[in-house]
Amino acid sequence: MMAATLLELLLLGCSLPFASGSEVKVLFIGNSYTSTNDLPSVLKSVAGSLLPDVTISTTQSTPGGSTLYEHTSNAATQLAVNNGDYDVMVLQEQSQTAGFYSWRVLGDSRDLAVEALDTFFIPAAKKRNASVVFYETWGRKDGDPANPSIFAHYSMMQCAVSNGYAYMLYYMQAKLCDVSLAPVGQAFDQAFTDDGGLWDDTPSDDTFFRRLYSSDKSHPSKTGTYLAALTLFATIFKDRR
(Lines give C-alpha, C1' and ligand atoms only; values in the text may rest on other atoms or scores of the structure.)
Protein backbone atom coordinates (compact mmCIF):
# COMPACT_ATOMS: atom_id res chain seq x y z
CA MET A 1 0.00 0.00 0.00
CA MET A 2 2.79 2.45 0.93
CA ALA A 3 4.72 1.81 -2.31
CA ALA A 4 1.56 2.25 -4.38
CA THR A 5 0.77 5.56 -2.65
CA LEU A 6 4.28 6.87 -3.25
CA LEU A 7 4.11 5.88 -6.91
CA GLU A 8 0.81 7.71 -7.34
CA LEU A 9 2.40 10.86 -5.94
CA LEU A 10 5.47 10.52 -8.14
CA LEU A 11 3.42 9.99 -11.27
CA LEU A 12 1.11 12.93 -10.62
CA GLY A 13 1.11 15.03 -13.77
CA CYS A 14 3.50 12.62 -15.48
CA SER A 15 3.37 12.64 -19.27
CA LEU A 16 4.66 9.66 -21.23
CA PRO A 17 5.15 10.75 -24.86
CA PHE A 18 6.94 7.77 -26.40
CA ALA A 19 5.51 6.07 -29.42
CA SER A 20 4.84 2.35 -29.43
CA GLY A 21 8.10 0.47 -29.84
CA SER A 22 10.32 3.28 -28.53
CA GLU A 23 13.48 2.36 -26.66
CA VAL A 24 15.03 4.37 -23.82
CA LYS A 25 18.65 3.46 -23.12
CA VAL A 26 19.73 4.02 -19.51
CA LEU A 27 23.32 3.96 -18.23
CA PHE A 28 23.76 3.43 -14.48
CA ILE A 29 26.92 4.73 -12.79
CA GLY A 30 27.08 3.86 -9.10
CA ASN A 31 28.09 1.09 -6.73
CA SER A 32 26.47 -1.62 -4.62
CA TYR A 33 23.45 0.58 -3.84
CA THR A 34 22.66 0.15 -7.54
CA SER A 35 23.85 -3.41 -8.10
CA THR A 36 22.21 -4.89 -4.98
CA ASN A 37 19.05 -6.71 -6.11
CA ASP A 38 19.95 -5.56 -9.66
CA LEU A 39 18.14 -2.22 -9.66
CA PRO A 40 18.52 -1.79 -13.47
CA SER A 41 16.65 -5.05 -14.05
CA VAL A 42 13.93 -4.10 -11.57
CA LEU A 43 13.52 -0.78 -13.41
CA LYS A 44 13.06 -2.68 -16.67
CA SER A 45 10.45 -4.90 -15.01
CA VAL A 46 8.57 -1.88 -13.64
CA ALA A 47 8.61 -0.25 -17.07
CA GLY A 48 7.34 -3.44 -18.67
CA SER A 49 4.39 -3.47 -16.28
CA LEU A 50 3.51 0.21 -16.34
CA LEU A 51 4.51 1.15 -19.88
CA PRO A 52 4.59 -2.02 -21.99
CA ASP A 53 4.88 -0.20 -25.34
CA VAL A 54 8.21 1.43 -24.37
CA THR A 55 11.35 -0.64 -23.89
CA ILE A 56 14.06 0.28 -21.39
CA SER A 57 17.51 -1.17 -22.03
CA THR A 58 20.19 -0.75 -19.37
CA THR A 59 23.94 -0.91 -18.92
CA GLN A 60 25.86 -0.32 -15.74
CA SER A 61 29.22 0.28 -14.10
CA THR A 62 28.77 -0.35 -10.39
CA PRO A 63 32.01 -1.33 -8.61
CA GLY A 64 31.51 -1.64 -4.86
CA GLY A 65 32.08 1.48 -2.77
CA SER A 66 32.99 3.75 -5.66
CA THR A 67 32.51 7.50 -5.53
CA LEU A 68 31.68 9.53 -8.61
CA TYR A 69 35.23 10.88 -8.60
CA GLU A 70 36.72 7.38 -8.47
CA HIS A 71 34.59 6.42 -11.47
CA THR A 72 36.51 8.90 -13.63
CA SER A 73 39.59 6.64 -13.50
CA ASN A 74 37.69 3.34 -13.75
CA ALA A 75 38.27 1.69 -17.13
CA ALA A 76 34.79 0.13 -17.34
CA THR A 77 33.13 3.45 -16.49
CA GLN A 78 35.28 5.34 -18.99
CA LEU A 79 34.25 2.91 -21.71
CA ALA A 80 30.56 3.09 -20.81
CA VAL A 81 30.44 6.89 -20.47
CA ASN A 82 32.67 7.84 -23.40
CA ASN A 83 31.73 5.12 -25.90
CA GLY A 84 28.35 3.86 -24.73
CA ASP A 85 24.98 4.46 -26.35
CA TYR A 86 22.55 5.96 -23.85
CA ASP A 87 19.71 8.49 -23.54
CA VAL A 88 19.78 8.77 -19.76
CA MET A 89 22.77 8.67 -17.40
CA VAL A 90 21.87 7.76 -13.81
CA LEU A 91 24.50 8.91 -11.31
CA GLN A 92 24.69 7.53 -7.77
CA GLU A 93 27.25 8.87 -5.30
CA GLN A 94 28.81 6.66 -2.62
CA SER A 95 26.35 6.33 0.27
CA GLN A 96 28.31 8.38 2.84
CA THR A 97 30.11 10.74 0.47
CA ALA A 98 27.11 12.85 -0.57
CA GLY A 99 26.52 13.49 3.13
CA PHE A 100 30.14 14.53 3.56
CA TYR A 101 29.74 17.43 1.11
CA SER A 102 28.19 19.72 3.71
CA TRP A 103 30.92 18.93 6.23
CA ARG A 104 33.80 19.35 3.77
CA VAL A 105 35.45 16.10 4.85
CA LEU A 106 37.04 13.12 3.09
CA GLY A 107 39.57 15.16 1.14
CA ASP A 108 37.03 17.83 0.29
CA SER A 109 34.71 15.30 -1.32
CA ARG A 110 32.40 17.95 -2.77
CA ASP A 111 35.22 19.51 -4.80
CA LEU A 112 36.19 16.08 -6.10
CA ALA A 113 32.60 15.41 -7.17
CA VAL A 114 32.45 18.77 -8.95
CA GLU A 115 35.68 17.94 -10.74
CA ALA A 116 34.19 14.63 -11.86
CA LEU A 117 31.08 16.38 -13.17
CA ASP A 118 33.00 19.14 -14.95
CA THR A 119 35.69 17.04 -16.60
CA PHE A 120 33.92 13.75 -17.24
CA PHE A 121 30.17 13.37 -16.81
CA ILE A 122 28.89 16.72 -18.08
CA PRO A 123 30.92 16.73 -21.34
CA ALA A 124 29.88 13.15 -22.12
CA ALA A 125 26.20 13.80 -21.44
CA LYS A 126 26.15 16.99 -23.52
CA LYS A 127 27.96 15.28 -26.40
CA ARG A 128 25.20 12.66 -26.56
CA ASN A 129 22.37 15.03 -25.70
CA ALA A 130 21.65 12.68 -22.81
CA SER A 131 19.65 13.48 -19.69
CA VAL A 132 21.30 13.09 -16.29
CA VAL A 133 19.34 11.73 -13.33
CA PHE A 134 20.83 11.78 -9.85
CA TYR A 135 19.80 8.69 -7.90
CA GLU A 136 19.50 10.14 -4.41
CA THR A 137 20.28 7.54 -1.76
CA TRP A 138 19.24 7.47 1.91
CA GLY A 139 20.50 7.60 5.47
CA ARG A 140 21.48 4.32 7.05
CA LYS A 141 18.76 2.83 9.20
CA ASP A 142 20.46 3.61 12.52
CA GLY A 143 22.95 6.23 11.34
CA ASP A 144 26.63 5.55 10.69
CA PRO A 145 28.68 4.38 13.71
CA ALA A 146 31.88 5.16 11.77
CA ASN A 147 30.91 8.86 11.68
CA PRO A 148 28.89 9.46 14.85
CA SER A 149 29.53 13.20 15.03
CA ILE A 150 27.84 13.91 11.69
CA PHE A 151 25.65 10.82 11.11
CA ALA A 152 24.49 10.06 14.65
CA HIS A 153 21.14 8.66 13.52
CA TYR A 154 19.06 8.10 10.40
CA SER A 155 17.51 11.57 10.18
CA MET A 156 20.81 13.37 10.62
CA MET A 157 22.39 11.31 7.84
CA GLN A 158 19.35 11.59 5.54
CA CYS A 159 19.36 15.37 5.85
CA ALA A 160 23.05 15.56 4.94
CA VAL A 161 22.73 13.12 2.02
CA SER A 162 19.72 14.99 0.58
CA ASN A 163 21.60 18.28 0.86
CA GLY A 164 24.54 16.76 -1.00
CA TYR A 165 22.40 15.62 -3.91
CA ALA A 166 20.60 18.97 -3.98
CA TYR A 167 23.98 20.68 -4.34
CA MET A 168 24.91 18.49 -7.32
CA LEU A 169 21.51 19.06 -8.92
CA TYR A 170 21.75 22.84 -8.63
CA TYR A 171 25.36 22.81 -9.79
CA MET A 172 24.49 20.96 -12.99
CA GLN A 173 21.42 23.13 -13.57
CA ALA A 174 23.73 26.15 -13.44
CA LYS A 175 25.79 24.46 -16.16
CA LEU A 176 22.65 24.35 -18.33
CA CYS A 177 22.46 20.56 -18.24
CA ASP A 178 19.33 18.45 -18.72
CA VAL A 179 19.35 17.11 -15.17
CA SER A 180 16.84 15.92 -12.60
CA LEU A 181 16.74 14.22 -9.23
CA ALA A 182 15.18 10.84 -8.47
CA PRO A 183 14.27 11.45 -4.81
CA VAL A 184 14.67 7.89 -3.56
CA GLY A 185 16.07 9.05 -0.23
CA GLN A 186 13.06 11.31 0.20
CA ALA A 187 10.76 8.36 -0.53
CA PHE A 188 12.54 6.45 2.27
CA ASP A 189 12.09 9.52 4.48
CA GLN A 190 8.38 9.67 3.69
CA ALA A 191 8.09 6.09 4.89
CA PHE A 192 10.04 7.07 8.02
CA THR A 193 7.59 9.89 8.74
CA ASP A 194 4.48 7.86 7.92
CA ASP A 195 5.63 5.11 10.28
CA GLY A 196 5.96 7.55 13.18
CA GLY A 197 9.68 8.25 13.05
CA LEU A 198 11.04 11.21 14.98
CA TRP A 199 14.29 13.12 14.43
CA ASP A 200 16.44 10.85 16.62
CA ASP A 201 14.11 7.88 17.06
CA THR A 202 13.48 5.46 14.19
CA PRO A 203 10.23 3.45 13.88
CA SER A 204 9.92 -0.05 15.32
CA ASP A 205 11.05 -3.12 13.40
CA ASP A 206 7.55 -4.06 12.23
CA THR A 207 7.17 -1.11 9.86
CA PHE A 208 7.44 -0.48 6.14
CA PHE A 209 10.40 1.86 6.73
CA ARG A 210 12.48 -0.80 8.48
CA ARG A 211 11.67 -3.32 5.76
CA LEU A 212 13.28 -1.06 3.14
CA TYR A 213 16.71 -2.11 4.43
CA SER A 214 18.71 -5.31 4.22
CA SER A 215 20.20 -6.89 7.33
CA ASP A 216 23.28 -4.63 7.19
CA LYS A 217 21.02 -1.58 7.85
CA SER A 218 22.58 0.19 4.88
CA HIS A 219 21.85 -1.49 1.53
CA PRO A 220 18.29 -1.79 0.25
CA SER A 221 16.17 -4.87 0.71
CA LYS A 222 14.20 -6.09 -2.29
CA THR A 223 11.40 -3.80 -1.13
CA GLY A 224 13.83 -0.87 -0.94
CA THR A 225 15.12 -1.59 -4.44
CA TYR A 226 11.57 -1.79 -5.76
CA LEU A 227 10.80 1.60 -4.24
CA ALA A 228 13.98 2.97 -5.86
CA ALA A 229 12.91 1.55 -9.23
CA LEU A 230 9.45 3.12 -8.98
CA THR A 231 11.00 6.48 -8.16
CA LEU A 232 13.51 6.28 -11.00
CA PHE A 233 10.82 5.24 -13.46
CA ALA A 234 8.61 8.17 -12.53
CA THR A 235 11.53 10.60 -12.67
CA ILE A 236 12.89 9.46 -16.04
CA PHE A 237 9.53 9.62 -17.78
CA LYS A 238 8.17 12.68 -16.02
CA ASP A 239 11.19 14.72 -17.03
CA ARG A 240 11.00 13.61 -20.68
CA ARG A 241 7.68 15.30 -21.40
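The values are calculated or read from the model by the stated rules, or taken from the named source; none is laboratory data. The shown structure was predicted, so the numbers you read here are calculated from the model rather than taken from an experiment. Using ideal geometry, Cβ is built from the backbone for each residue, glycine included, and neighbour counts are taken over all protein chains shown. We work out accessible area using only protein heavy atoms, side chains counted, and drop any ligands, DNA or RNA first. Shrake-Rupley method; radii C 1.70, N 1.55, O 1.52, S 1.80 Å.
Number of residues in the range 66-78 that are polar (S, T, N, Q), in contact with a strand residue (DSSP E or B) (Cβ under 8 Å, 6 or more places away or on another chain) and open to solvent by less than 40 Å² (accessible area, probe 1.4 Å) equals 1.
The sole residue among Val133, Val114 that is open to solvent by less than 20 Å² (accessible area, probe 1.4 Å) and either under 21 Å from Glu70 (Cβ atoms) or modelled with pLDDT under 95 (or both) is Val133. For the range 176-198, filtered to residues that are open to solvent by 80 Å² or more (accessible area, probe 1.4 Å) and farther than 24 Å from Tyr33 by Cα, the residue that is modelled with the highest pLDDT is Leu176. Would it be correct to say that Cys177 is of a type outside the set (S, T, N, Q) and farther than 16 Å from Ala125 by Cβ? No, not satisfied. Of the set (1) of a type outside the set (Lys, Arg); (2) part of a loop (DSSP other than H, G, I, E, B); (3) under 15 Å from the mean Cα position of the chain (by Cα), all apply to Tyr86 but (3).
Being of a type in the set (S, T, N, Q), modelled with pLDDT of 95 or more and open to solvent by less than 80 Å² (accessible area, probe 1.4 Å) is the requirement here; does Thr207 meet it? It is false that Thr207 is of a type in the set (S, T, N, Q), modelled with pLDDT of 95 or more and open to solvent by less than 80 Å² (accessible area, probe 1.4 Å). The set of residues in the range 6-59 being modelled with pLDDT of 95 or more, open to solvent by 30 Å² or more (accessible area, probe 1.4 Å) and of a type in the set (Val, Ile, Thr) consists of Thr36, Val42, Thr58, Thr59.
Every test in (1) hydrophobic (A, V, I, L, M, F, W, C); (2) open to solvent by 10 Å² or more (accessible area, probe 1.4 Å); (3) closer than 18 Å to Ala98 by Cβ is passed by Ala160 save one, and that test is (2).
The requirement of being among the aliphatic types (A, V, I, L, M), under 25 Å from Ser155 (Cβ atoms) and assigned to a helix (DSSP H, G or I) is fulfilled nowhere in the range 114-132; no residue meets it.
I'd like the residue in the range 79-111 that is among the aliphatic types (A, V, I, L, M) and open to solvent by less than 40 Å² (accessible area, probe 1.4 Å) and, out of all such residues, is modelled with the lowest pLDDT. Applying the filter and picking the extreme gives Ala98. Selection of the range 163-173 for residues being open to solvent by 30 Å² or more (accessible area, probe 1.4 Å) and out of contact with any helix residue (DSSP H, G or I) (no Cβ under 8 Å at 6 or more places or on another chain) yields Tyr170, Gln173.
Within the range 209-224, the set of residues being more than 17 Å from Met157 (Cα to Cα), out of contact with any Leu (no Cβ under 7 Å at 6 or more places or on another chain) and not small (Gly, Ala, Ser) comprises Arg211, Lys222.
Would a scan of the range 228-238 turn up a residue that is at pLDDT below 95 and either assigned to a loop (DSSP other than H, G, I, E, B) or over 30 Å from Arg128 (Cα atoms) (or both)? Within the range 228-238, none of the residues are at pLDDT below 95 and either assigned to a loop (DSSP other than H, G, I, E, B) or over 30 Å from Arg128 (Cα atoms) (or both).
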